[in-house]
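The block underneath contains the structure these notes are about, expressed in structure tokens.
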């Protein structure tokens, strides 16, 4: 069955510093922190945006056009970013642990990429997947040098 194309907002919320954090930390403790942070991100994005897929250190979410407008998107992204930053601070303040997983928490941040475009929903191995050139494009937005060029750790990239 061929799905009909839909239009909507495609969003990636990416935990910055994830690879370095895992490489420099005790895996068991680091994974607990990262799971907590990813849950924080997902809760902040819902119900405005729907989870398409978890991609390691990123949540790929979307909303069809009729379910979101630019103002709702901006409010949701902003709330997600600040909720994430508050959770980072509270995790760090709540621990006296000096393991690398706890010491390196401040190295983590969040980048959010959004793109308005076309996609289809398809079933692969019993799971719904999004596909299309705009799905590829929003993933390519993550592969940029804005953070390095602007000397910022986290930012909200926007293309909606």
Query - Lone unmet requirement of (1) part of a helix (DSSP H, G or I); (2) surrounded by 15 or more Cβ atoms within 10 Å (Cβ to Cβ); (3) more than 17 Å from the chain's Cα centre (by Cα); (4) at pLDDT below 90 for residue 149 - result: (2)
Report task. Can you confirm whether segment 6-18 contains a residue that is loosely packed, with under 13 Cβ neighbours inside 10 Å and under 11 Å from the mean Cα position of the chain (by Cα)? Result -> no
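Residues in segment 1-26 that are part of a loop (DSSP other than H, G, I, E, B) and in contact with a strand residue (DSSP E or B) (Cβ under 7 Å, 6 or more places away or on another chain): how many?
3
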Requested in this report: Examine segment 28-46 for a residue that is within 16 Å of residue 111 (Cα to Cα), surrounded by fewer than 16 Cβ atoms within 10 Å (Cβ to Cβ) and either in contact with a strand residue (DSSP E or B) (Cβ under 7 Å, 6 or more places away or on another chain) or modelled with pLDDT under 95 (or both), and state whether such a residue exists.
Outcome: no
**Report entry** Check on residue 79, over 30 Å from residue 123 (Cβ atoms) and over 14 Å from the mean Cα position of the chain (by Cα)
**Finding:** no
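What residue, among those in segment 56-72 that are under 18 Å from residue 84 (Cβ atoms) and surrounded by 13 or more Cβ atoms within 10 Å (Cβ to Cβ), is modelled with the lowest pLDDT?
57
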Requested in this report: Tally the residues that are within 16 Å of residue 73 (Cβ to Cβ) and free of Cβ contacts under 8 Å to residues at least 60 places away in the same chain, restricting the search to segment 9-26.
Outcome: 0
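The values are calculated or read from the model by the stated rules, or taken from the named source; none is laboratory data. Quick caveat, the model's predicted, so the values are computed rather than measured. Don't worry about glycine lacking a Cβ; one is built from the backbone with ideal geometry, like all the others, and counts go over all protein chains shown.
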